[in-house]
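Participant: Below are the structure tokens for one structure; questions will follow.
The values are calculated or read from the model by the stated rules, or taken from the named source; none is laboratory data. Only a predicted model underlies this, so the values are computations on that prediction, with no experimental measurement involved. With ideal geometry, Cβ positions are generated from the backbone for all residues, glycine too; neighbour counts draw on all protein chains shown.
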């Protein structure tokens, strides 16, 4: 039994001595090397992180509210209260303004059209087809312009009174040109629920433009 204990003690002693010898033979890490290792790790972490988006963006949101008032009953109903679609031509118009290509104040976007076109607006449109030009629904070129608070937006409102019965009114456009049925000046468009108006019925419309 004593012999076994002596062997175990000898083995333990040899193991400890071997570990110590290995530690003494391993190259020591200096303070400067430790700093380099830390810097390398930090650099890898930074380089693997997503780069920030430095691009500036301009947001657009247009909202249209439309009311119908019946002359016979005096009842006013909400026809539409929804966002509209900005046309590519409208985007180019904004771009031209930002680049000072056209700074003519007479081209302010205040003209509003109505149409019987039942097609869902597409961003490729540059004009409204089937634009109404009779029965009191001609393009309104004197829309009321008001600043929308201090957010950089604005509102344009217009109203139309039917001079006779008119069916299938279901599309509106916002333009920077007063000429009815003209092309290349469609800023935005919106389709709404098909409306039929009798004589003296009225449509009231408000475009809410928010620039952010």
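Participant: Going by what's in this entry, would residue 114 be described as surrounded by fewer than 12 Cβ atoms within 10 Å (Cβ to Cβ), at pLDDT 90 or above and assigned to a strand (DSSP E or B)?
Facilitator: no
Participant: A follow-up question, please. Condition (residue is farther than 23 Å from residue 90 by Cα, in contact with a strand residue (DSSP E or B) (Cβ under 8 Å, 6 or more places away or on another chain) and modelled with pLDDT of 90 or more) applied to the stretch 122-136: is it met by at least one residue?
Facilitator: Initially, the stretch 122-136 is screened for residues farther than 23 Å from residue 90 by Cα, giving 134-136.
If we keep only those that are in contact with a strand residue (DSSP E or B) (Cβ under 8 Å, 6 or more places away or on another chain) as well, we get 135-136.
Narrowing the set further to residues that are modelled with pLDDT of 90 or more leaves 135-136.
Checking the stretch 122-136: at least one residue is farther than 23 Å from residue 90 by Cα, in contact with a strand residue (DSSP E or B) (Cβ under 8 Å, 6 or more places away or on another chain) and modelled with pLDDT of 90 or more.
Participant: So, in the stretch 138-170, exactly how many residues are modelled with pLDDT of 95 or more and either part of a loop (DSSP other than H, G, I, E, B) or under 22 Å from the mean Cα position of the chain (by Cα) (or both)?
Facilitator: 4
Participant: Take the stretch 171-183 and flag every residue that is closer than 16 Å to residue 88 by Cα and in a strand (DSSP E or B).
Facilitator: 173, 174, 175
Participant: Continuing with the same structure: Give me a count of the residues in the stretch 39-92 that are under 30 Å from residue 126 (Cβ atoms), modelled with pLDDT under 85 and assigned to a loop (DSSP other than H, G, I, E, B).
Facilitator: 5
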